[in-house]
Amino acid sequence: MKERKANIYLGLVHGPVKNKYGKEVTTSVTNLDVHDIARSCRTFGFKGYFIITPVWAQHDLLGKMLGYWESDSANLYNPDRHDALKLIKLVNTIEESVCAIREREEGRDVLVAVTGANFQEDDGLVEAHELMEAVAEANGRPLLLLFGTGHGLVSSIVESADYRLTPIVGLAEDGYNHLSVRSAVAIYCERLACAQRNSDK
Ligand code: SAM
């Protein structure tokens with residue numbers, strides 16, 4: 001029996017990611033990614049937004065920022081923002097986010113899908129609707145959708161994922177294709193939602 005709505009979680013990976021030379025690095029968390037991606041997750045009914053960084057100082061900084069938005073005065077000032085930011089969990093590694101999801105989802109194994117601008121056909125790509133079909137047939141297994149920062153996810157993460165989503169391709173004649181991660185998140189949210197709406201028809 002197919003589940004109607006997918007259990008989707010989003011992970012924004014700050015480390016390890018690639019820098020422009022392809023070297024493994026850790027990037028800094030940005031305020032815009034925290035707020036805007038939380039709103040997309042809330043709007044599209046995702047169950048959690050993991051910010052993944054192994055750097056303790058970044059956890060400390062983010063903890064302070066989120067602490068403000070958890071306060072009663074912030075809730076009164078902007079309840080919608082408070083509501084979206086409640087989805088955020090800070091974790092050190094992708095494995096930690098997988099464990100947290102498995103615990104919340106009564107021990108169900110987590111499916112992992114990755115995104116990237118430069119994935120190639122022979123990486124074994126799936127379209128959003130194929131991913132949603134696979135999730136619907138996986139008997140309620142949750143999905144963790146991973147996005148990179150810097151110059152994208154490292155190859156070990158891309159290769160070990162269960163699914164690699166087809167990249168978003170623009171129409172610039174010179175092939176320019178450099179979306180912000182926030183824009184990429186919003187586009188994939190709509191693609192996945194569209195696939196779920198169509199499967200309900
Ligand atoms: N060149 C990098 C890459 O290959 O992913 C761009 C990094 S971009 C600033 C950060 C993240 O946004 C990527 O890791 C990916 O998750 C997402 N992203 C950006 N543009 C994308 C696109 N055209 N297709 C799919 N994902 C994209």
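The values are calculated or read from the model by the stated rules, or taken from the named source; none is laboratory data. Keep in mind the model is a prediction, meaning the values are calculated, not measured. Neighbour counts run over all protein chains shown; Cβ positions are idealised from the backbone, glycine included. Heavy atoms of the whole protein, side chains included, go into the accessibility calculation; ligands, DNA and RNA do not. Shrake-Rupley method; radii C 1.70, N 1.55, O 1.52, S 1.80 Å.
Limiting things to C-alpha atoms, what are the Rg and the maximum Cα-Cα separation (Dmax) for the chain, in angstroms?
Using the Cα atoms of the chain, the pair Rg, Dmax is 16.7, 52 Å.
Using a Gaussian network model on the chain with a 10 Å cutoff between Cα atoms, which of GLY148, GLY22, GLY45 fluctuates the most?
Looking only at GLY148, GLY22, GLY45, the largest GNM fluctuation is found for GLY22.
Can you compute the FRET efficiency between GLU96 and GLU190 using 1/(1 + (r/R0)^6), with r the Cβ-Cβ distance and R0 = 41 Å? Round to the nearest 0.05. Spell out each step's value before the answer.
Values: r = 28 Å, r/R0 = 0.69.
Here the calculated transfer efficiency is 0.90.
I need the Kirkwood Rh of segment 84-137: take the reciprocal of the average 1/r across all distinct C-alpha pairs and report it in angstrom.
13.6
What net charge do the residues around ILE94 carry, taking every other residue with its C-beta under 14 Å from that of ILE94, with Lys and Arg at +1 and Asp and Glu at -1?
Local charge sum for ILE94: -3.
Any lysines with Cα under 18 Å of the LYS47 Cα? List them, leaving off those in the same chain fewer than 8 positions away.
LYS5, LYS86, LYS89
Suppose the chain between HIS35 and ALA117 were pulled fully straight at 0.36 nm per residue; how much longer would it get relative to their current alpha carbon spacing?
On the way: separation 82, 0.36 × 82 = 29.52 nm, distance 2.24 nm.
Between HIS35 and ALA117, full extension yields 27.3 nm more.
Largest first, how would MET65, MET132 line up by accessible area (1.4 Å probe)?
MET65, MET132
Please report the carbon-and-sulfur percent of the accessible area for segment 139-183; probe 1.4 Å, protein heavy atoms only, DNA, RNA and ligands left out.
Numbers: 1180 of 2450 Å².
The C+S portion of the solvent-accessible surface of segment 139-183 is 48 percent.
Do you know the relative contact order of the chain, to the nearest whole percent, from alpha carbon pairs under 8 angstrom that are 6+ apart?
31 percent.
Which cross-chain or sequence-distant (5 or more) residues have an amide H under 5 Å from the amide H of GLY48, H modelled 1.01 Å from N in plane?
Close amide H contacts, sequence-distant or interchain: LEU10.
Calculated from DSSP H runs of 4 or more alone, at -39500 (n - 2.57) each and per residue, what is the 222 nm mean residue ellipticity of the chain, nearest 500?
Working: 8 runs with 87 residues, N = 201.
Value at 222 nm, helices only: -13000 deg cm²/dmol.
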